[in-house]
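Undergrad: I am attaching a structure below and will ask some questions about it afterwards.
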Amino acid sequence: MWNQIKTQLQEYPERLKVARVLVENGLSVQDNKICLNQIEIPPVRIARAAGVDRRTVNETLNSIKASPELKLIFEEIRPAGHSLKEIAKHLNLGVLEITPVNAKSPGILSNAAMILNRAGLSIRQAIVDDPELSPEPKLTLIVEKKIPGELIPELLKIPGIAKVSVY
């Protein structure tokens, strides 16, 4: 998806910045307006987040409207939902953050889930960064209880894992 957006906007780096803010936040474009689900977001707010001026946001919206490929992406994109990562500590949940060697390696999520399952831990949430959007993508698993330290060596044995952090 991101490569398709880059191809369409590569001649306009400022518009690409706006597109990145839209994608990273799951903001859609409906009738030339930026929306977070049903809430309209003013272009000036997007401009501040992208480090551009408001006119660039409007030009980006026009580019999206003019391109059938971009229009399809941005009309349908939605936020992935809330993340419990930042409040896990207050909810007595465990957080497991896995940094892969290569984010496209198969089996990392399933193997980590099996290890947690064998330890009797239930996954409440799984959040995976898109390797096209994130320079260092991670897999974050929010677990029903604190994660025992003895699981770390077992998790590090999973092929394709570079680093494991537990919070």
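The values are calculated or read from the model by the stated rules, or taken from the named source; none is laboratory data. Note that the structure is predicted; figures quoted are calculated from it, not measured. Ideal geometry is used to build each Cβ from the backbone, glycine not excepted, and the neighbour counts take in all protein chains shown.
Undergrad: Look through the stretch 137-156, keep the residues that are farther than 16 Å from Thr99 by Cβ and in a strand (DSSP E or B), and return whichever of them is farthest from the chain's Cα centre (by Cα).
TA: Among them, the one singled out is Val143.
Undergrad: Hey, another quick one. Go through (1) over 30 Å from Lys33 (Cα atoms); (2) of a type in the set (Ser, Thr, Tyr); (3) in contact with a strand residue (DSSP E or B) (Cβ under 9 Å, 6 or more places away or on another chain) for Ser110 and report which single condition fails.
TA: (3)
Undergrad: Taking the stretch 108-136, which residues are at pLDDT below 95 and outside any strand (DSSP E or B)?
TA: Hits for the stretch 108-136 are Asp129, Asp130, Pro131, Glu132, Leu133, Ser134, Pro135, Glu136.
Undergrad: Restricting attention to the stretch 107-127, report how many residues are free of Cβ contacts under 8 Å to residues at least 24 places away in the same chain and surrounded by 16 or more Cβ atoms within 10 Å (Cβ to Cβ).
TA: Step one: of the stretch 107-127, the residues free of Cβ contacts under 8 Å to residues at least 24 places away in the same chain are 110, 114, 117-118, 120, 122-123, 126.
With surrounded by 16 or more Cβ atoms within 10 Å (Cβ to Cβ) added as a condition, the list becomes 123.
So the count comes out to 1.
Undergrad: Then there's this: Hey, does the stretch 147-163 have a residue that's out of contact with any Leu (no Cβ under 6 Å at 6 or more places or on another chain), under 25 Å from Met1 (Cβ atoms) and loosely packed, with under 15 Cβ neighbours inside 10 Å?
TA: yes
Undergrad: Ok, one more. Test Lys65 against the stated conditions and say whether it is in contact with a strand residue (DSSP E or B) (Cβ under 8 Å, 6 or more places away or on another chain), touching a residue at least 40 places away in the same chain (Cβ under 8 Å), within 20 Å of Gln8 (Cα to Cα) and charged (D, E, K, R).
TA: The answer is no for Lys65.
Undergrad: So, one more: Right, Val52: more than 30 Å from Glu11 (Cα to Cα) and touching a residue at least 24 places away in the same chain (Cβ under 8 Å) or not?
TA: So Val52 fails the test.
Undergrad: Something else about it: Gly51 passes all but one of (1) surrounded by 12 or more Cβ atoms within 10 Å (Cβ to Cβ); (2) out of contact with any strand residue (DSSP E or B) (no Cβ under 7 Å at 6 or more places or on another chain); (3) small (Gly, Ala, Ser); which number fails?
TA: It is condition (1) that Gly51 fails.
Undergrad: Name every residue in the stretch 85-96 that is outside any helix (DSSP H, G or I) and surrounded by fewer than 16 Cβ atoms within 10 Å (Cβ to Cβ), in order of residue number.
TA: Asn92
Undergrad: When you scan the stretch 99-106, do you find a residue that is surrounded by 14 or more Cβ atoms within 10 Å (Cβ to Cβ), within 30 Å of Cys35 (Cα to Cα) and touching a helix residue (DSSP H, G or I) at 6+ places or on another chain (Cβ under 6 Å), even just one?
TA: Scanning the stretch 99-106 turns up no residue that is surrounded by 14 or more Cβ atoms within 10 Å (Cβ to Cβ), within 30 Å of Cys35 (Cα to Cα) and touching a helix residue (DSSP H, G or I) at 6+ places or on another chain (Cβ under 6 Å).
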